[in-house]
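Quick notes on the structure that follows.
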Amino acid sequence: MSFYPCDSHRERVNGALSGARVTVLHRDANYSRKLRLCEPCLSDLVGVLANQWQELRDGEPPPSDSRLQVCTQEGCDRQSAAPIFGFVYPRGFEPRFFYGRLCGDHATARVRDLELLPNP
Ligand SMILES: [Zn+2]
Ligand SMILES: [Zn+2]
């Protein structure tokens, strides 16, 4: 059994967990948390990221493209976009790095849902 529970479905699993980190830049602060994920939960996350976010190569700067808005609901304010970064560390594979943008409201919600912590 894994020593820690998966941070997504919150149970311990057979085998090792992979790592991921989500960072949101919001209201001049930097919110971040490292997640420990089982294989299926990590695949789910990568699927979402690969669909909706822009994958960046090593050292590539994030594009300033408002089409990268991850949330596109009615009422999302595209002017107040908060950059959101997803780092995925699948065991035995190269890390992958994704970039997207959230409106201010959804940035606040994501920080709360993922229990991201402000960095000094
Ligand atoms: Zn899981
Ligand atoms: Zn939104």
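The values are calculated or read from the model by the stated rules, or taken from the named source; none is laboratory data. Every value quoted in this text rests on a predicted model; they were computed, and no experiment measured them. Positions of Cβ are generated from backbone atoms using ideal geometry, with glycine treated the same way; all protein chains shown enter the neighbour counts.
It is to be established whether one or more residues within the range 93-113 are in a loop (DSSP other than H, G, I, E, B), more than 16 Å from ligand 1 (Cβ to nearest atom) and more than 26 Å from E11 (Cα to Cα).
Yes, the conditions are met somewhere in the range 93-113.
Which numbered condition in (1) more than 16 Å from ligand 2 (Cβ to nearest atom); (2) modelled with pLDDT under 95; (3) farther than 14 Å from Y99 by Cβ is the only one that R27 fails?
The failed condition is (1).
What residue, among those in the range 18-28 that are farther than 19 Å from V70 by Cβ and touching a residue at least 40 places away in the same chain (Cβ under 8 Å), is surrounded by the fewest Cβ atoms within 10 Å (Cβ to Cβ)?
The extreme case among them is G19.
Mind listing whichever residues of the range 3-40 are of a type in the set (S, T, N, Q) and in contact with a strand residue (DSSP E or B) (Cβ under 7 Å, 6 or more places away or on another chain)?
Of everything in the range 3-40, those that are of a type in the set (S, T, N, Q) and in contact with a strand residue (DSSP E or B) (Cβ under 7 Å, 6 or more places away or on another chain) turn out to be S8, S18, T23, N30, S32.
From (1) more than 29 Å from H9 (Cα to Cα); (2) more than 16 Å from ligand 2 (Cβ to nearest atom); (3) exposed (fewer than 14 other Cβ atoms within 10 Å of the Cβ), pick out the condition that doesn't hold for N51.
(1)
Give me the pairs: first residue in the range 5-16 and under 22 Å from L116 (Cβ atoms), second residue β-branched (V, I, T) and within 10 Å of ligand 1 (Cβ to nearest atom), beta-carbon distance under 9 Å, and six or more apart or on different chains, which are they?
P5/V13; C6/V13
Taking L35 and the conditions (1) modelled with pLDDT of 90 or more; (2) assigned to a helix (DSSP H, G or I); (3) within 25 Å of N119 (Cα to Cα), which numbered condition does it fall short on, given that it satisfies the others?
(2)
If you go through the range 56-63 one residue at a time, do you hit one that is within 18 Å of L35 (Cα to Cα) and among the small types (G, A, S)?
no
Which count do you get for residues in the range 76-118 that are out of contact with any strand residue (DSSP E or B) (no Cβ under 8 Å at 6 or more places or on another chain) and free of Cβ contacts under 8 Å to residues at least 12 places away in the same chain?
Looking only at that region, the number is 7.
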